[in-house]
Amino acid sequence: MLNPSSRSSHLKIVFVLPAKPKHVVSSVVSHPLNKFKDTSIAHSTLISSFSQFGTGIFTPKTISARFLSTSSPHRQTPVNHSRSMSEKITNLDDALQLFDDMTNRKPLPAVFKFTQLLQAVTKMKQYSYSVKLFQRMNSLRVPVNAYTISIVIKCCCQMHRTNEGFAVLGYAFKHNILPNVCTFSTLLNGLVLEDRVLKAERLFKKLIKEALCEPNAIMYSIMIKGLCKSGNNDTAIALLKLMDEKGCKPNVVTYNTIINSLCKDKMVDDALNLFKEMVFHKGIFPDVVTYTSLIHGLCNLSRWDEVSKLLKQMEDERISLDVKLYNTLVDALCKEGKVEDANCIISSMIERGEYPNVVTYNSIIDGYCLRGEMSKANEVFDSMGSRGLVPNIVTYNNLLNGYCKKLKREEAMHLFHEITKKGMKPNVITYSIMIQGLFRARRCKDAHGVYNDMRAHNLIPDECTYRIILEGLCNNNQVDEALSLFHLMGGNKLNSNIKVYNILIDGASKSGKFDIARNLFNDLTFKGLQPNVWSYTVMISSFCREGLVGEAKELLFKMEDSGCPPDNVTYNVLLQGVLKNKQYDTVEMLLKEMEARGFSIDASTVEMLLHYIKTSCLDVSLLKLIGKLVPKEEVDAPCFIV
DNA sequence: GTAGGGTTAG
């Protein structure tokens, strides 16, 4: 009843996908934002020209020969110098072989050759290998410099071992290698990655205070990312202003970081304002990432018209959509249940030379699963192999979630075991889905077993797992267990979450523990937690269950004053409560308020109203008003002008 | 000649 996803939406989605620029023409384009950055044509030409050689063109030997060759034009095989080392070597074995070749050379190749190789391995995300190579360089006494140090620190940081990164910094000091703004930026980024933002702030301040390095736009961007990540968008914006004042010009990445964070926090209007500031006041060109963040934010709020507008804007600015942006659109449509439209997007992306990847199909599978169409979801899953795509853990999680939602316990169990058989590791999400599914199937013992299994695999349950367990216990007449778990967690961060309270308030109320429900609701203010629409709605439903309709209505008025206006669900819940408590006089007023607010009545409320009319508790004249409040069938299919 | 930052999955 309180599931917001059941709210009906009446959308007409019009996406005008930007046409892919056909030619890169250097003519003047009137739009102030216009710029030419389409490299896709050059790219595809490059790929097709190489494809005829097959994949064996770069053997370790040839790479070694090309890479180490002297500058003599006679001995040199034609090498495309515009391609960097990391583009030439994309295979770990080749890189390791080359490293061996290099160490056997006398004299040893220059430091920067080693550094280039280290960078190539790092680009492959083989961080532990990079670190190992660095250690071998040390034992071979290959000199290292600030570049090498930064790469190795980055590798430590990417493995979430920033402390080891600091040890490398110590090594640098010991060897008289002066760390610079790049070195420190990498370390700051490592701290941010590990959510150690306070430590990052302290280091950042120390760097400035002791003049260890002059922060540049990249370093500021990292700090801004840290602030955003720790929920301090305002401070992040303040730092953006500060860097500007200090004469350090923010760039598109700096803005993208904050815009993305604001969009994730549903503050899309603030993000759009920042976007305008960036473009019109600072003259910074947005890129595909900027648009992806904004479009993602708008999609989450179902603001489709504005999505279309931004897509149109991209077309005007000749910014091509990339796979990630297509995936954002595909995912948003699938979440709305519009899988067919998402498939249209896939067709058009293929036409434009962008290829769907695992993420794309994961969204499609998820879309079918949400609609309960498991056979279609499985069809897509089966087709992935023929498209050269390997399903990942997300693919399995989506399918698993589909089975669990449909209470297909055996299929879910089978798939769950299949994951390990395929050599993949279930993650916290896999286990959480499984636990939720078992609770829903009223298999509390099995749910507990899966939880133990998860702990045995050293996986730490997250806040979502915690909520799933609390909700599972509540829905299986084990509210006492849920409450004792909640008390056991005490002041844990997981307990300062409004969603946790909503689950418990609802659970306590439904199992007749009204006083506990009310106390929990009152506790919110003491804990400094702001009740949201769900909290109020759950409490209103709780009052109605106790026959306290007056208090329920009072709370509805209070919502408005607290800056948290009631929504569709709140009204439906109150309406049902009023009917159950035979307070028929209030019905008309509530229906009129709903009409004024543009809300609609859900199917179960309509059914109840009709029942009370039939039994003459309500007047037939209400039918006209009810008719206006019944959601119309969605006639308008989303329209894609491609 | 070689290093550091931003977008997608419950």
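Cα centroids of segment A:170-212 and segment A:524-546: 45 Å apart.
Axis of helix A:252-264 versus longest Cα principal axis of chain A: the two differ by about 20°, to the nearest ten degrees. Angle, helix A:549-561 long axis vs. longest principal axis of chain A, Cα atoms, 0 to 90°, nearest 10? Between helix and principal axis, roughly 40 degrees. Ranked from largest to smallest solvent-accessible area, with a 1.4 Å probe on the protein heavy atoms, A:214, A:317, A:373 come out as A:214, A:373, A:317. Among A:216, A:231, A:262, pick out the residue whose Cα is farthest towards the positive end of the charge dipole of segment A:215-319, where Lys and Arg carry +1 and Asp and Glu carry -1 on C-beta, about the Cα centre. Farthest towards the positive pole: A:216. Quick check on chain A: what does the Kirkwood estimate of hydrodynamic radius come out to from the alpha carbon pairs, in Å? Result for chain A stands at 29.1 Å.
When the P(r) is computed for segment A:546-599, the part past 13 Å accounts for 58% of the Cα-Cα pairs.
Which of rounded, prolate or oblate describes segment A:215-319 when judged by the alpha-carbon gyration tensor and an a/c cut-off of 1.5? Verdict is oblate for segment A:215-319.
Taking packing as the residue-averaged number of other Cβ atoms within 10 angstrom, the listed peptides A:360-370, A:382-392 run from highest to lowest as A:360-370, A:382-392. The C-alpha radius of gyration of segment A:507-642, expressed as a fraction of 2.2 N^0.38 Å, stands at 1.19.
In a reduced charge model with +1 at each Lys and Arg Cβ and -1 at each Asp and Glu Cβ, segment A:215-319 shows a dipole moment near 240 debye about its Cα centre.
Other residues with beta-carbon under 12 Å from the beta-carbon of residue A:330 carry, at +1 per Lys or Arg and -1 per Asp or Glu, a net charge of -3. Listed by chain and number, the aspartates and glutamates whose C-alpha is less than 12 Å from the C-alpha of residue A:241, apart from same-chain residues fewer than 8 away, are A:277.
Extension gain for the segment residue A:628 to residue A:611, taken as residue separation times 0.36 nm less the Cα-Cα distance, is 4.3 nm to one decimal. Per-residue ellipticity at 222 nm from helix content only, as computed over chain A with -39500 (n - 2.57) for each DSSP H run of at least four residues, stands at -20000 deg cm²/dmol. Placing unit charges on each Cβ (+1 for Lys and Arg, -1 for Asp and Glu) gives chain A a dipole about its Cα centre, and among A:304, A:361, A:203 the Cα reaching farthest toward its positive end belongs to A:203. Working from label points 7 Å from Cα in the Cα-to-Cβ sense, the residue A:163 to residue A:198 distance is 1.7 nm.
What does the net charge come to around residue A:549 if you take all other residues with beta carbon closer than 10 Å to its beta carbon, with K and R at +1 and D and E at -1?
On the way: positive: A:553, A:580, A:582; negative: A:546, A:551, A:554.
Charge balance near residue A:549 sits at 0.
Protection proxy ranking, highest mean first, for peptides A:531-543, A:239-251, A:503-515: A:531-543, A:503-515, A:239-251, where packing is the per-residue count of other beta-carbon atoms within 10 Å, averaged.
Could you tell me which of the pairs A:276/A:632; A:266/A:592; A:558/A:592; A:125/A:425; A:123/A:225; A:513/A:553 are separated by over 27 angstrom between their Cα atoms in the structure shown? The answer is A:276/A:632; A:266/A:592. Other residues within the sphere of radius under 15 Å centred on the Cβ of residue A:435, judged by their own Cβ, net out at +2 (K and R +1, D and E -1).
The values are calculated or read from the model by the stated rules, or taken from the named source; none is laboratory data. What you see is a predicted model, and the numbers here were worked out from it, not measured in a lab. When we count neighbours, we look across all protein chains shown, and the Cβ atoms used for this are built from the backbone with ideal geometry, even at glycine. Areas reflect the complete protein model, heavy atoms only, side chains present, ligands, DNA and RNA absent. Shrake-Rupley method; radii C 1.70, N 1.55, O 1.52, S 1.80 Å.
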